[in-house]
Amino acid sequence: MELRQLEHFVTVADERHFTRAAELLQISQSGLSASIRALETELGTSLFVRSTRRVELTAAGQALLADSIRTLASAAAAQNAVAAVRGLVRGRLTVGAEPCLGAIDLPAELGRFRVANPGVEVRLRYDGSVEHLENVASGLTDVALVVATGPVPQGVRLRRLSSQKLVVLCHPDHPFAAVGEVDIESLHREPLIGFQQGWGAQVLSRRAFAAAGYDFRASMEVNDVHPLLDLVEYNLGVAIVPASFAAKRPDSLCSVALPDDMPEWTVAVAVADEPSPAATAFLDQLFESPIQAASSMDSSSAESVTSAA
């Protein structure tokens, strides 16, 4: 069993697709398939259930995945430690982010990082905050830009970037547009437009509804900000979003305040307790500005930030 084979296996497991995995690994699909077959032959079992559209892990594949991730992370850490002694930052930086956080210009920061660290391969994936935190904990992601939604997994710490209020976004003709504040009791009777499970606004909204004794159920769910704004603009429902979202369409949508006891939208950087040299370099870059400098939050303090908001 070789590290190269484990990398191939983990990439296919992550992508659930041989073609996409081969593209990420920059090898031919036939070469990738041969590598996985050789690994399966060595282990004496199938690791994937293959179909024409995607692949799924078998029970044996699930058992191998966690150890494979740890093995690859340890090997990468050893290589990076040697490079660091020589004054080089090398390896791979995998960044996760929830879209439209508004705290930093992520493409610009990644561009700066690549210029300053040409020996580091940079990867980026957008998804919900909850999944990003789990990926940092498992070693799949080095740095994640997330919404602080509560306790973080063991081995992960948060560094705060910014906080803002949540508001209700509605069409100008909606009755909410004529009031100064909307409470949860009024909101739960309205068609809600929200994000998918695990996204920051969805988690915070669900918590606020539960505290008021209601279930949060969005009649329409999206995985991007702009479709949400489109749906609200057609008066198909109202949405609970951070105040910065309202600034995207100030002429066509109205922003209405929520009660002061609503959780705040706090954007933070998630990183492992012992980050790689590449992750450390990226963090140093993000927080080099005095405006963005902030103290670290561990599991307990991250919980207090969201629960006290």
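Taken over segment 163-183, the residue count meeting the criterion of being out of contact with any helix residue (DSSP H, G or I) (no Cβ under 7 Å at 6 or more places or on another chain) and under 18 Å from LYS248 (Cα atoms) is 3.
Here is a yes/no grid of residues against (1) outside the structural domain of ASN223 (by TED's automatic domain parsing); (2) more than 11 Å from the chain's Cα centre (by Cα):
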| residue | (1), (2) |
| --- | --- |
| LEU133 | yes, no |
| GLY139 | yes, yes |
| VAL146 | yes, no |
| THR149 | yes, yes |
| PRO153 | yes, yes |
| VAL156 | yes, yes |
| HIS171 | no, yes |
| VAL179 | no, yes |
| GLU185 | no, yes |
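Checking the stated criteria, SER33 turns out not to satisfy the condition of being over 25 Å from GLY91 (Cα atoms) and of a type in the set (S, T, N, Q).
Of everything in segment 40-50, what is farther than 15 Å from HIS17 by Cβ and under 31 Å from the mean Cα position of the chain (by Cα)? Give them in sequence order. Answer for segment 40-50, where residues must be farther than 15 Å from HIS17 by Cβ and under 31 Å from the mean Cα position of the chain (by Cα): just SER46.
When segment 169-201 is examined, which residues are found to be crowded, with 20+ Cβ neighbours inside 10 Å and assigned to a loop (DSSP other than H, G, I, E, B)? Within segment 169-201, VAL182, TRP199 qualify.
Only one entry of ARG53, ARG37 meets the criterion of being under 19 Å from LEU3 (Cβ atoms), exposed (fewer than 15 other Cβ atoms within 10 Å of the Cβ) and over 23 Å from the mean Cα position of the chain (by Cα), and that entry is ARG37. Please tell me if GLN164 is over 19 Å from LEU65 (Cβ atoms), of a type in the set (S, T, N, Q) and surrounded by fewer than 17 Cβ atoms within 10 Å (Cβ to Cβ). Yes. Restricted to segment 53-82, and to residues that are among the aliphatic types (A, V, I, L, M) and not in a helix (DSSP H, G or I), which residue is modelled with the lowest pLDDT? Taking the candidates together, the pick is VAL55.
Among residues of segment 83-126 being surrounded by 15 or more Cβ atoms within 10 Å (Cβ to Cβ) and on the phi > 0 side of the Ramachandran plot, the one that is modelled with the highest pLDDT is CYS100.
Any idea which residue in segment 133-157 is farthest from ALA278 (Cα to Cα), counting only those that are touching a helix residue (DSSP H, G or I) at 6+ places or on another chain (Cβ under 6 Å) and in a strand (DSSP E or B)? Checking each candidate, the answer is VAL147.
Modelled with pLDDT of 90 or more, closer than 28 Å to SER162 by Cα and in contact with a Leu (Cβ under 6 Å, 6 or more places away or on another chain): is that true of ALA144 in this structure? In short, no.
The values are calculated or read from the model by the stated rules, or taken from the named source; none is laboratory data. Since the model is a prediction, treat every value here as computed from it, not as a measurement. Glycine gets a Cβ as well: all are built from the backbone with ideal geometry, and neighbour counts include every protein chain shown.
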